[in-house]
Amino acid sequence: MDLMTVEGWGTSYFAGPGVTKGTWWPVGRYRVEHDRLKQVLAQSARYHARQAIELFVGDDQDVLTQAAVSAGCAVELLAKAFLASVEHGLLAEKGDRDTVLILSGNANLTSARITEMKTVGAMEALKIAKHLHPSLPFNVQSDQVVLRVRNAAAHMGLVLPEELRAAIAVMCRLVDGLLPALSLERDEYWGSHAIGVVDEILDQAKSEVRRTVAAKIAAAERRFATLVSGLDAAGRTVVLAALSRRDPNTFADHNEPKECPACEQQGWLVCHVDESQPEVAYGGGGTPHTFATRLAYPFIFECLVCELELEDEELLEVDFPMEIELEPNHDPYADYEPDEDWFRGR
């Protein structure tokens, strides 16, 4: 795979509105062609990523606020650059008509301005990116900190230094995970001033998580050894079966059984479930069938036998899946209740 720089995707800029037909992306005083949307997004993401690394160690409130805003923007924009590299239409929110026309290169067919597009939010962009690029180290629960920090800074001017540091680590990990998907050179993307800082941040984060997981597993192994000591084979089988059959303590959308890395008994991956918009398929005779795909995102592992509990980034250290495809919902409108105002207006 040949790696590139962002500038390698194109260097020509055009003054004025461009041509009368099609979609031209405004970049300050200039515009670029429709097929360079991923470049526009990646360039802006790169600016924010470098900005966040430069500013997050400052003391001034305004500097930290800008670092928080840039950390979230870097992640969202690079995720959207990846989606644009696959298909521009993936960026449209709920199939908004004007947005679809603009993204498909037909801005001349709508009266909406390009800046009025309705695109998917940052979290949805990351979920789609994870679906298309499964190796992306994105955890839907713990990684929200990078967007929460951005929103607090942008909407309320608030920033907590400890949360900002956590967000910067998440930003570095997600950006590094997206660069290979875009075939971008990592060193060039971060730049000579930031790359060393990024490496140190990622090494520290990995080491801390790895140490925590190792300690948790060692403690769970000791508890398991104490639990089964003195039991004969039959008694051990009965006790372990009774404990492993219990439901996890954490309530969630879905529980996925998985072998515990400490005691090798059945534990549970506790998951948040994301359901897609309903789709229609046609069976024999043209009969329509409505369904919605479902994906489960683990955020906690619980073992009711040895009491091991892992969460968020710790799951990555045990090589648990970060995305699980579930059976589709074949009745996505089962809980739908018509709007009473709609009936009154009839």
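The values are calculated or read from the model by the stated rules, or taken from the named source; none is laboratory data. What you see is a predicted model, and the numbers here were worked out from it, not measured in a lab. In this analysis, Cβ positions are derived from the backbone assuming ideal geometry, glycine residues included, and neighbour counts consider all displayed protein chains. Ligands, DNA and RNA are stripped out before the accessible areas are found, and what is left, the full protein with its side chains, is counted by its heavy atoms. Shrake-Rupley method; radii C 1.70, N 1.55, O 1.52, S 1.80 Å.
Annotations for the structure displayed:
- Cα-projected label distance for Thr212 with Glu200, points at 7 Å along beta-carbon direction, nm: 2.2
- When Met123, Met156, Met322 are compared by accessible area at a 1.4 angstrom probe, the order from most to least is Met156, Met123, Met322.
- Percent RCO, i.e. relative contact order, over the chain, from Cα pairs under 8 Å lying at least 6 residues apart: 14
- In terms of Cα atoms, the Rg and Dmax of the range 281-329 work out to 17.5, 54 Å.
- Carbon plus sulfur fraction of accessible area for the range 196-307, probe 1.4 Å, in percent: 51
- Listed residues Ser12, Val239, Gln266: farthest to the positive end of the dipole of the chain (Cβ charges): Ser12
- Diffusion constant of the range 189-256 at 10 °C, which comes from Stokes-Einstein with the Kirkwood Cα-pair radius and 1.306 mPa s, µm²/s: 98
- FRET efficiency estimate (nearest 0.05) - Cβ-Cβ, Asp187 to Glu87, R0 22 angstrom: 0.15
- Mean residue ellipticity at 222 nm, helices only, the chain: -14000 deg cm²/dmol; runs of at least 4 DSSP H residues each add -39,500 (n - 2.57), and the sum is divided by the number of residues.
- Take the range 1-92 with all the other protein chains still there, run a 1.4 Å probe, and you get 49 Å² of accessible area per residue.
- A simple spin-label model places the labels of Ser276 and Val57 4.5 nm from each other, with each point 7 Å out along Cα-to-Cβ.
- If R0 equals 25 Å, the separation of the Cβ atoms of Ala112 and Asn151 corresponds to a calculated FRET efficiency of about 0.45.
- Relative to its Kirkwood radius, the Cα radius of gyration of the range 1-115 gives an Rg/Rh of 1.03.
- The range 1-145 - percent of accessible surface contributed by carbon and sulfur, probe 1.4 Å: 50
- Structural descriptor for the range 74-189: relative contact order 27 percent, calculated from alpha carbon pairs under 8 angstrom and at least 6 residues apart.
- Residues of the range 105-155: accessible area per residue with a 1.4 Å probe, Å²: 47
- Kirkwood hydrodynamic radius over Cα pairs of the range 189-318, then Stokes diffusion coefficient at 4 °C and 1.567 mPa s, in µm²/s: 72
- Computed extension length for Leu132-Thr287: 52.8 nm, one decimal, from 0.36 nm per residue of separation with the Cα-Cα distance subtracted.
- Per-residue accessible area (protein heavy atoms, 1.4 Å probe) orders Glu327, Glu309, Glu314 as Glu327, Glu309, Glu314, starting from the largest.
- Percentage, to the nearest whole number, of Cα pairs in the chain over 34 Å apart: 40
- For the chain, Cys73, Cys172, Cys271 stand unpaired, since no other cysteine beta carbon lies under 4.7 Å from theirs.
- Cα centre as origin, Lys/Arg/Asp/Glu Cβ charges: the chain dipole, Debye: 760
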